[in-house]
1. Return a yes/no flag: does the range 20-30 have any residue that is more than 20 Å from LYS2 (Cβ to Cβ) and surrounded by 20 or more Cβ atoms within 10 Å (Cβ to Cβ).
2. Restrict the check to the range 16-24 and report whether at least one residue is small (Gly, Ala, Ser) and either touching a strand residue (DSSP E or B) at 6+ places or on another chain (Cβ under 8 Å) or within 21 Å of SER103 (Cβ to Cβ) (or both).
3. How about the range 1-19: which of its residues are more than 28 Å from GLY73 (Cβ to Cβ), of a type in the set (Val, Ile, Thr) and surrounded by 15 or more Cβ atoms within 10 Å (Cβ to Cβ)?
4. Specify which of the listed residues (LYS38, LYS47) is out of contact with any Ser or Thr (no Cβ under 6 Å at 6 or more places or on another chain), within 23 Å of ALA11 (Cβ to Cβ) and basic (Lys, Arg).
Amino acid sequence: MKILIVDDSTAMRMIVKKTLRLAGFEGHDIAEADDGAKALAAINTSKPDLVLSDWNMPNMTGMQLLEALKSAGIQVTFGFVTTEATPDMRAKAMGTGAKFLISKPFTPESFKEHLGPHIR
């Protein structure tokens, strides 16, 4: 399975990768992008199965990325890993097509709960 981690923080991308491993999701092809615009280009090129995106990033936010994918008709399992977890933001994310929203700080258990149905 191809997984794309999108976050403007290098440290956070490393933490997400480590948490994936601790949650038992090892052996997957993991790529990274540091903003939504680079992620959109990577998605068009590499066709990942799962995108884990931060909400707030420069150049293109996670929500703008999700909206661009939806507008282009690109089907990919998309979820947020973010500090943005208000009920309104959760509703907006799910209404736009996100499958889940994992709040920071997160745990391997929260990854198992939210990602389990989506990772083979």
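Every number here is computed from the coordinates shown, using simple stated rules; none is lab data. These numbers were taken from a predicted model, which means no experiment stands behind them. Every residue, glycine among them, receives a Cβ derived from its backbone with ideal geometry; neighbour counts consider all protein chains shown.
1. The answer is no, given that none of the residues of the range 20-30 is more than 20 Å from LYS2 (Cβ to Cβ) and surrounded by 20 or more Cβ atoms within 10 Å (Cβ to Cβ).
2. yes
3. ILE15, THR19
4. On the way: LYS47 fails: within 23 Å of ALA11 (Cβ to Cβ).
Within the list LYS38, LYS47, the selection yields LYS38.
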